[in-house]
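Chemist: Here's a structure for you.
The values are calculated or read from the model by the stated rules, or taken from the named source; none is laboratory data. A quick note: this is a predicted structure, and the numbers were derived from the prediction, not measured. Glycine also receives a Cβ, built like all others from the backbone with ideal geometry; neighbour counts cover every protein chain displayed.
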Amino acid sequence: MDYKTICDKFIEPKLTDMLGKVLSARLVQKARFAAVEAGSDRQKLEKFVSTTCSDSHFIGFWGTAQAAKQAKEWLNLYR
């Protein structure tokens, strides 16, 4: 799957379930903005996931170990 599909079908719905619409929308916007500067599709996904999984709200909800596990899972979706 490509960057956009992974974000739209997997990451964004998960964030909405976890954080609610307002916080997830802010986090997605922050992550998309960070990913804009990345070169390849894979780099964009890496930047998006990194920004998402290092966010204080995300870590506060899951903790650092689970955030790292989730990041790995999302990155492994890229083919």
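Chemist: Filter the range 14-46 down to residues that are of a type in the set (Val, Ile, Thr) and not in a helix (DSSP H, G or I), then give me how many there are.
Modeler: Here is the first cut: in the range 14-46, the ones of a type in the set (Val, Ile, Thr) are 16, 22, 28, 36.
Still in the list and also not in a helix (DSSP H, G or I): none.
The qualifying residues number 0.
Chemist: Among the residues that make up the range 50-72, is at least one of them exposed (fewer than 12 other Cβ atoms within 10 Å of the Cβ) and under 17 Å from PHE10 (Cβ atoms)? Can you show your working first?
Modeler: Kept after step one, since they are exposed (fewer than 12 other Cβ atoms within 10 Å of the Cβ), are these residues of the range 50-72: 56, 60, 63-65, 72.
With under 17 Å from PHE10 (Cβ atoms) added as a condition, the list becomes 72.
Looking through the range 50-72, at least one residue is exposed (fewer than 12 other Cβ atoms within 10 Å of the Cβ) and under 17 Å from PHE10 (Cβ atoms).
Chemist: Could I ask something else about it? If we scan the range 27-43, do we find a residue that is within 16 Å of CYS7 (Cα to Cα), of a type in the set (S, T, N, Q) and buried (at least 18 other Cβ atoms within 10 Å of the Cβ)? Show your work before the answer.
Modeler: First pass over the range 27-43, keeping only residues within 16 Å of CYS7 (Cα to Cα): 27-36, 38, 40-43.
From what's left, of a type in the set (S, T, N, Q): 29, 40, 43.
Retained after the next criterion (residues that are buried (at least 18 other Cβ atoms within 10 Å of the Cβ)): none.
Taking every residue of the range 27-43 in turn, none turns out to be within 16 Å of CYS7 (Cα to Cα), of a type in the set (S, T, N, Q) and buried (at least 18 other Cβ atoms within 10 Å of the Cβ).
Chemist: Which condition number does ALA71 fail, the rest of (1) touching a Cys at 6+ places or on another chain (Cβ under 8 Å); (2) touching a residue at least 60 places away in the same chain (Cβ under 8 Å) being met?
Modeler: (2)
Chemist: Tell me which residues, restricted to the range 43-58, are over 11 Å from the mean Cα position of the chain (by Cα) and either at pLDDT 95 or above or of a type in the set (Asp, Glu) (or both).
Modeler: Of the range 43-58, the ones over 11 Å from the mean Cα position of the chain (by Cα) are 43, 56-57.
Residue satisfying the conditions is GLN43 alone.
Chemist: Tally up the residues in the range 1-53 that are free of Cβ contacts under 8 Å to residues at least 60 places away in the same chain and of a type in the set (Phe, Trp, Tyr), please. Reasoning before the result, please.
Modeler: Of all residues in the range 1-53, those free of Cβ contacts under 8 Å to residues at least 60 places away in the same chain come to 4-5, 7-9, 12-53.
From what is left, the residues that are of a type in the set (Phe, Trp, Tyr) are 33, 48.
Number of matching residues: 2.
Chemist: Being within 18 Å of LYS72 (Cα to Cα) and either surrounded by 18 or more Cβ atoms within 10 Å (Cβ to Cβ) or touching a strand residue (DSSP E or B) at 6+ places or on another chain (Cβ under 7 Å) (or both) is the filter here; which residues of the range 13-26 pass it?
Modeler: LEU15
Chemist: Search the range 1-12 for residues being aliphatic (A, V, I, L, M) and in a helix (DSSP H, G or I), and hand back the single one that is nearest to ARG79 (Cα to Cα).
Modeler: Kept after step one, since they are aliphatic (A, V, I, L, M), are these residues of the range 1-12: 1, 6, 11.
Of the ones still in play, those that are also in a helix (DSSP H, G or I) are 6, 11.
Working: ILE6: 10, ILE11: 16 Å.
So, considering only residues that are aliphatic (A, V, I, L, M) and in a helix (DSSP H, G or I), the one nearest to ARG79 (Cα to Cα) is ILE6.
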